[in-house]
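The structure under discussion appears below in the form of structure tokens.
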Amino acid sequence: MLNLNGLKKSFPQPGGGRLPVLEIPHFSIQPGEQSVLIGRSGGGKTTLLHLIAGLTTPDEGSIRVGDIELTQLSEAGRDRYRAAMLGYVFQTFNLLPGFTALENVRLGMSFASGRHDLGRAHELLARVGLADRADYRPSQLSVGQQQRVAIARALSSKPKLLLADEPTANVDPASQQQVIDLIRETCRDEQIALLLVTHTMEVADQFERVENLADLNLAYQAVAGATAS
Amino acid sequence: MNILQIAWRNFQQRSLASVLTTISLALGVALTVAVLSVYGIVSDAFERNASVGYNLVVGPKGSPLQLTLNSVYYLSQPIENLPYTQYMEFMSKEQRAEQVAMYGGDPELGTRDGNYSAYVRGGFAIPLALGDYFGQFRVVGTTPDFFKKLQYGLDLDKPFEFTDGRAIEHHSEEYGYFEAVLGSRVAEEMKVGVGDEFFPTHGDPTGEGHELGFTIVGVMKPTGTPNDRVAIVNLEGFYLMGGHAKPIKDEDLSEAERAALAETSADKLKPLTIRQREVTSILVRTGNPLFGPQIQNVINEGIYAQAAAPILEITKLMNLIVAPLLTALMVITVITCIVAAVGILVSIYNSMNDRRRDIAVMRALGARRDTVTSVILVESLLIAFIGGFSGWLLAHAGIWLAGGYIEAQTGIRPGIFTTSPYELIILPLVLGLAALAGLLPAAAAYRTDVTANLNA
């Protein structure tokens, strides 16, 4: 489902030159597979998700999602790819404050052609336990409820791949497990491949496949090695 | 959700700023539409009333525009008066002889055709005498021909009709020479009707009242012309009011005139002699329209009178005064629309910092750059449309409410959706400028850095 090969990403530094943040020789996820990625803050986890989402482009390497080679796509092509194939759950939920819960979910299917399925939006809200909160605005929902709306939104366009960036980081401990269970069950039911990023071992330990970005990322290793020596 | 729904949600989300911007736009548009609309009504009224069923107005030497204004629109002050004999120049020999026999005057007058009689054969010449008021309304002395020969309307095919009563007669059993017909507005405002008597005041609305009064024998249906705002009285009765007879020197009179004058002086209700009579102006329709310029030249070359073509005078007035006014109004309109558009720009642009995260989220969900750009543009157009349309409605509601006043001033009562052609440009102009105003914030939306704003 997802294949990364020879992926490199660096950012310009204020003093000149570029700072390598990612160098991943190879990484892949199979269709429907659920994988968790752990790593320290600043380790490049969010940058990796942005690359896979097509929000930014690599310096080198290949990102293939299904049959699509992202590095060959134009910006508009990557927009279409996100709208049609990708779900994204953000650490800070990123719900639009002026929209109701239902509208936020519908927004997730607004940018892909032929996917304006109001019934699915209601169904997803019911699935995350918020059928009776459809007309509530984010500010009228608890933090845990907001994250559940964000999950429903990420799933609304029937993606093939779901990226979840620290989905429990801003959720109260009581709701953390509910959020993880919800994501995993839904992905399993809809055969969606999942790449979940976390720095919480309690979360990571629940997954069969756990990858440490520090092991995958040669750029991180180089920086760590230089610091150690 | 489509772009319009998303833009509407954005409008609602920033409801205070959006509503305030919309209100300021609506007020600007309302002001402009009201001014342009009233301008349109007034200029239409002037143009339509310039087409009056006669092609010349003859009066004393002076300003042809002033002559037109006071004889056609009953505005401005009359220039002076013409001797009645000037009016008789439009009559045939027989008619002139009849006048001499009826009123008394120099028998020589009836021995020839009037100098202009050939030009008006098949047409008419109707005398007007102005100078008195009934309340704030002008009193116009004229002959029954005013109702028999004048018609109004776009095709000049509508005779004057009466909601009550009839036209004046030359002399009636009941009221003698003292009959009056009121325009619809006069009857309404003065709260009088058929059978009532009124006493005109001399010279101006607050002037001294005459001793003799006129009995109202008819009230005209509304015509949308200045005739709605006048009291039309019998010319003979008008002459008999105190101070209306022209003072004459005895040594100028012939024997016949002297005898007629003595008879008139003895009976205060006997018509004045020809020499005592004056007219303010004469409404002339030539028998053939082609005679118009010809007779105009002949009259203007004479020493007493001038002839003015009302349509020409009004066109000149329009070109000299009203056209620059229209230009000024159009400039004000454009400036108002630009100010409104800048208001939209400022309102949306100031909110762009708050929107960047929303835009980044939409982009992360798959929205293309041109989609988020369109959302901003549509929001700008929404404000322009709501503000523009509300302003247009507000202006027309205002005009409708002020309809009575406008009718009193122009003779036209505008309906709530009576539109002037000038105002039709406003909504497209506002929408066009709003689209331009939306371009700057839309460009900012287009350039929004998605990754930098996602976790902001």
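The values are calculated or read from the model by the stated rules, or taken from the named source; none is laboratory data. The structure displayed is predicted, hence computed values, not measured ones. As a convention, Cβ positions derive from the backbone with ideal geometry for all residues, glycine included, and neighbour counts pool all protein chains shown. These accessible areas exclude ligands, DNA and RNA; they are computed on the full protein's heavy atoms, side chains included. Shrake-Rupley method; radii C 1.70, N 1.55, O 1.52, S 1.80 Å.
From the residues in the range A:85-107 that are part of a loop (DSSP other than H, G, I, E, B), more than 14 Å from the chain's Cα centre (by Cα) and not hydrophobic (A, V, I, L, M, F, W, C), which one is farthest from the other protein chains (Cβ to nearest Cβ)?
A:Thr100
What single numbered condition from (1) open to solvent by 50 Å² or more (accessible area, probe 1.4 Å); (2) farther than 27 Å from A:Thr56 by Cβ fails to hold for B:Ile383?
(1)
Can we say B:Gly432 is over 20 Å from B:Arg9 (Cα atoms) and either open to solvent by less than 10 Å² (accessible area, probe 1.4 Å) or not basic (Lys, Arg) (or both)?
The answer is yes for B:Gly432.
Show the residue pairs that are 6+ apart or on different chains and have beta-carbon atoms under 8 Å apart, the first residue being within the range A:1-22 and modelled with pLDDT under 85, the second being in a loop (DSSP other than H, G, I, E, B).
Taking only residues 6 or more apart or on different chains, the pairs are A:Met1/A:Gln30; A:Met1/A:Pro31; A:Met1/A:Gly32; A:Met1/A:Glu33; A:Met1/A:Gly66; A:Met1/A:Lys160.
In this structure, does B:Tyr87 turn out to be touching a Pro at 6+ places or on another chain (Cβ under 8 Å), in a loop (DSSP other than H, G, I, E, B) and either under 30 Å from B:Glu236 (Cβ atoms) or within 14 Å of chain A (Cβ to nearest Cβ) (or both)?
Here the answer is no, as B:Tyr87 does not meet what is asked.
For the range B:344-371, which residues satisfy the criterion of being under 51 Å from the mean Cα position of the chain (by Cα) and open to solvent by less than 30 Å² (accessible area, probe 1.4 Å)?
Listed by number, the residues that qualify are B:Ile344, B:Ser347, B:Ile348, B:Ser351, B:Met352.
Check off (1) within 14 Å of chain B (Cβ to nearest Cβ); (2) over 16 Å from the mean Cα position of the chain (by Cα); (3) in a helix (DSSP H, G or I); (4) surrounded by fewer than 21 Cβ atoms within 10 Å (Cβ to Cβ) for A:Asp135 and give me the number that stays unchecked.
(3)
With the structure loaded, tell me whether B:Ala187 is of a type in the set (Gly, Ala, Ser), open to solvent by less than 30 Å² (accessible area, probe 1.4 Å) and under 26 Å from B:Ile406 (Cβ atoms) or whether it fails that test.
Answer is yes for this residue.
Please find, within the range A:27-55, the residue that is least open to solvent (accessible area, probe 1.4 Å) out of those that are over 21 Å from A:Leu73 (Cβ atoms), assigned to a strand (DSSP E or B) and of a type outside the set (A, V, I, L, M).
Restricting to residues being over 21 Å from A:Leu73 (Cβ atoms), assigned to a strand (DSSP E or B) and of a type outside the set (A, V, I, L, M), the top hit is A:Ser35.
Could you figure out which of (1) in contact with a strand residue (DSSP E or B) (Cβ under 7 Å, 6 or more places away or on another chain); (2) within 13 Å of chain B (Cβ to nearest Cβ) isn't true of A:Arg82?
Of the numbered conditions (1) in contact with a strand residue (DSSP E or B) (Cβ under 7 Å, 6 or more places away or on another chain); (2) within 13 Å of chain B (Cβ to nearest Cβ), the odd one out for A:Arg82 is (1).
Among the candidates B:Ala434, B:Ala384, B:Ala445, B:Ala340, which residue alone is in a helix (DSSP H, G or I), at pLDDT 85 or above and of a type in the set (Gly, Ala, Ser)?
The conditions single out B:Ala384.
Every residue in the range A:56-70 that is under 23 Å from A:Phe90 (Cα atoms) and open to solvent by less than 60 Å² (accessible area, probe 1.4 Å), please.
A:Thr56, A:Pro58, A:Ile63, A:Val65, A:Gly66, A:Leu70, listed by residue number.
Six or more apart or on different chains, Cβ under 9 Å: which pairs go from a residue in the range B:1-12 that's without any contact (Cβ under 8 Å) to a residue 12 or more places away in the chain and at the interface with chain A (Cβ under 9 Å from one of its Cβ atoms) to one that's assigned to a helix (DSSP H, G or I) and not charged (D, E, K, R)? Could you list them?
Taking only residues 6 or more apart or on different chains, the pairs are B:Met1/A:Leu107; B:Gln12/B:Ser18.
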